[in-house]
Structures are given as C-alpha cells and as structure tokens.
1. Only one of these conditions is not met by Ile229: (1) within 16 Å of the chain's Cα centre (by Cα); (2) β-branched (Val, Ile, Thr); (3) crowded, with 21+ Cβ neighbours inside 10 Å. Which number is it?
2. Please indicate, with yes or no, whether at least one residue in the range 123-131 is open to solvent by less than 60 Å² (accessible area, probe 1.4 Å), in contact with a helix residue (DSSP H, G or I) (Cβ under 6 Å, 6 or more places away or on another chain) and part of a helix (DSSP H, G or I).
3. What pairs come out if I take residues in the range 240-258 that are loosely packed, with under 15 Cβ neighbours inside 10 Å and pair them with residues that are modelled with pLDDT of 85 or more whose C-beta lies under 6 Å away, six or more apart or interchain?
4. How many residues, within the range 316-346, are touching a residue at least 24 places away in the same chain (Cβ under 8 Å), in a helix (DSSP H, G or I) and open to solvent by less than 70 Å² (accessible area, probe 1.4 Å)?
5. If you scan the range 143-175, which residues turn out to be assigned to a loop (DSSP other than H, G, I, E, B) and among the small types (Gly, Ala, Ser)?
6. Do we have Val60 as of a type in the set (Val, Ile, Thr), free of Cβ contacts under 8 Å to residues at least 24 places away in the same chain and part of a helix (DSSP H, G or I) here?
Amino acid sequence: MDTVLYGVCAAAGWIALGYMVRLQRRHPSYARRAICWGLGAFAAGITVAIPPIAAAIDQVSGLPNLAKVMAHAGALTISANAEIMLLHFALPHATAAARARKWIWVTACAFLVMVALFAYTLTYDDPVLLTVEYATDPVVTAYLLIFLLLGFFAYCFDITRLCWGFAKICGRPWLRRGLRITAVGAAFALLYSTNKIGYLVAYWAGYQPAGERQIAAVLVTIGALLITIGLTMPAWGPTLNITRRWEDYHSYRRLEPLWRDLIAALPELELDPTLRRRRAAARDTDYALTRRVAEIRDGRLALRPYMEMSVTALAAQFAERAGLTAEERQASIEAAHLACALRRHSAGLLAVVAQPADELHRPDGGYAGEVAWLTLVTEVYARSPVVAQTIAATRDLAAPGTPHPSAGDARR
C-alpha cells in the first residue's frame, strides 16, 4: 500500500514543481522561489522513499538507510521552504530574509547531526534500520527524534499557526483557501510525527505494536497532498473561475471604445502595450482588466481641465427628454463630459468653467462596481444619442469667434 501512496505523492509533487517553475520564470518572487525549492525537495524525497526505489538505492550504494536519509532531507527542505514562503508573505523582505536564514542554519545543523548519526550506524556489526522497530537503539532514537521534533513538530506547528492566522486577514480568496488547506496538511504532518513518537515510546516500553508503516503512509500522503495543493492553489486556483474569467474578458472588451479614444489622446497612460493583443489579455484577464480600468480612470483625471461645467446641464437636459433612469442619466452625463473633453483636448481648448474635482462619480460595490459603472459609461459613450446631442450643442457654443482659454494660454 505504501508503494502506491508514495507513488501518488511523487507524481503530484513533480507535476506541481513543473507548474510552479514555469510560473516563477514568468513572474519571479521570493515566496514562489521558496515554493519551487520546497516542491523540488519534496518530489525528490518522496520518490526515493518509494520502497522499490529505496531498496535499489541502498543496494547499489551498499549503504543501508541511504534512501531514508535522502527522503528525510527532502522532508526537512519542504518544511523549511514552506516556512520561508510564509515569512515572505507576512513580513517585509529584510525581516523575512533574516528569520529565514536562522531557520536554514538550524535545519542545516540538525541535518548534519542526523548524517553523523546515520554514519555511526554504518559501523555496527549488525545493520539497523532508521525506523521505530529499531527504536531501542539510542542512536536510531536520537536520529528519529531530531527529524520528528524539528522537521514536523517545530516546523509544522509554526506553519499551521502562520497559515491559519494569515488566512484571516488575507484579501485574495484563492490565497486564503490555499493557506487554510496548507494549515490542515501541516496538522496531518503533526499527527504523523505524534504517531511516530508514540511508537517510539511503545518500543522503549517493551511493546511491539503493529501497523506503524501503514498508518505513517496514510498520514504522510494526506499531509503531503494537502500541503502541495495548498502551496500551489494561489497560482492555479483562479484559472478554475472560468465564468468569472469570461466575464472579466468580456468587460475588458466592452471597455475598449472609451479606452481606445482616451489612449489615442493620452498615449502616455498606456503602461503595457502587450495587452492590446487579445491573446495576451486572455492569458491574464484579471491583470488586463485592472490595467484598462486604471487607465480609463487616469484618463478621466487627465481630462479634468478640459471638462466644461455647462456640459452637465446640457447632458442632463437631453437625458431627461430621453426618459432615462437615474443611473443611465448619470452615465450619460459622464460619457458626454468625456466625449466633449476629448474634443477640447484635441483642439487645445481648456474649459472656461471647469467641472469641480469632487463631482467625479464614485460607484458603490468596490472594484466590481467600478467595472460595471465604467462598462455602462462606455456603452453610452459609444452609442447614446444623448452624447451626440451634447457634442453638437457644445460645438455650437464653441463656434468661431467665441473666446476660450487654450492649453498654451494656461502654460503661459
């Protein structure tokens, strides 16, 4: 049974590692780098722990327990890197790096002691295994206690505490879910350690209970899979929101008419030209939509000196005649202001009486409300007769011979 369970864990580890390495190359970060190191150590460690592979390593090397020591090194490494990842999430980089170095030194020193104990067992006339069945040997007991108390109790207790606490204040839903799953996985690792120590005590007391290997295999499989899922969930979780991703991409496309005109007039607002390609936007819809919303809002602020106060009354009058709802009337006024301001900007004419800054509409509902509002404004901007009527009326007001301040006058 343990062969199958460890094989499943190894496959999951290698798949997760490949996914995270690819993501790290595209979007590098300290936390993601720690995850990659941890997953690599876990995948390698659990692979060499598969009984047939472990037996082959021991036989080829001529060193009994070598595969087990390698597997334990992998377990310590993933625990250390999970801790480092959480430190970088919760603390400033300098503070997290300092605390991470302490954990690394403690882990390295502990593992060196474990290697020394392993080497000492090689001098025995009768070989021993680094398992609870040989717990009455003081060297084996010392080896296992260092591994269990540091690699599982110290690390996993702190990982559980940090994950659960950070999940309570985390704003990103998939990161929050991943942290909680990681905390549960670390709790199973604590059970694994408790189970091992319980068997150690039983063997020292003269008992020989059965089933330790099977129980350990189940606990380590559940814990390892949950930790692997939890650590990688913030990366792949959002891709499961197919409906939301499609809605975001649809909103991104619907905002294009207004965004396109604003960027044509104010090209310095565009920070990532690659998002003009629909394929690039489809790969990261959340980022593409966020950038488009931000650039429209920045364009609105940049055009404020060209927004004539009289446009509000004109657009409101035309909207009233059209029988629009309150929200549609507000969107028509906003769209008319933008359309007229773009034309004044193109002509270099500042507003005679500029619209006050505090009249910028701020919708309810947070980011989702902002997207919905700007989508409505864009639709009105592109198709509403109210906007066309307002443009025509302001064109009459700005007929030749009417004095208007220009952008050049303002600079002088």
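The values are calculated or read from the model by the stated rules, or taken from the named source; none is laboratory data. All figures in this text were calculated on a predicted structure; none of them were measured in a lab. Here Cβ is always computed from backbone atoms with ideal geometry, including for glycine, and neighbour counts include all displayed protein chains. To get the accessible areas, we keep the full protein, side chains included, count just its heavy atoms, and leave off ligands, DNA and RNA. Shrake-Rupley method; radii C 1.70, N 1.55, O 1.52, S 1.80 Å.
1. (3)
2. Looking through the range 123-131, none of the residues is open to solvent by less than 60 Å² (accessible area, probe 1.4 Å), in contact with a helix residue (DSSP H, G or I) (Cβ under 6 Å, 6 or more places away or on another chain) and part of a helix (DSSP H, G or I).
3. Pro257/Thr378; Pro257/Ala382
4. Keep residues of the range 316-346 that are touching a residue at least 24 places away in the same chain (Cβ under 8 Å), which gives 318-319, 322, 324, 327-328, 330-332, 334-346.
Narrowing the set further to residues that are in a helix (DSSP H, G or I) leaves 318-319, 327-328, 330-332, 334-346.
Now restrict to residues that are open to solvent by less than 70 Å² (accessible area, probe 1.4 Å): 318-319, 330-332, 334-342, 344-345.
The total comes to 16.
5. Of the residues in the range 143-175, the ones assigned to a loop (DSSP other than H, G, I, E, B) are 170-172.
Gly171 - this is the single residue of the range 143-175 that is assigned to a loop (DSSP other than H, G, I, E, B) and among the small types (Gly, Ala, Ser).
6. Details: of a type in the set (Val, Ile, Thr): yes; free of Cβ contacts under 8 Å to residues at least 24 places away in the same chain: yes; part of a helix (DSSP H, G or I): yes.
Here the answer is yes, as Val60 does meet what is asked.
Yes/no matrix, rows are residues, columns are (1) touching a Lys or Arg at 6+ places or on another chain (Cβ under 8 Å); (2) without any contact (Cβ under 8 Å) to a residue 40 or more places away in the chain; (3) closer than 30 Å to Gln59 by Cβ:
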position	(1), (2), (3)
Ala108	no, yes, yes
Met114	no, no, yes
Ala119	no, yes, yes
Tyr124	no, yes, yes
Leu130	yes, no, yes
Cys156	no, no, no
Cys163	yes, no, no
Asn195	no, yes, yes
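Yes or no, residue by residue, for (1) outside any helix (DSSP H, G or I); (2) within 29 Å of Phe166 (Cα to Cα); (3) under 18 Å from the mean Cα position of the chain (by Cα):
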position	(1), (2), (3)
Phe42	no, yes, no
Thr47	no, no, no
Ala71	no, no, no
Ala75	no, yes, no
Met85	no, yes, yes
Arg99	no, yes, no
Val115	no, no, no
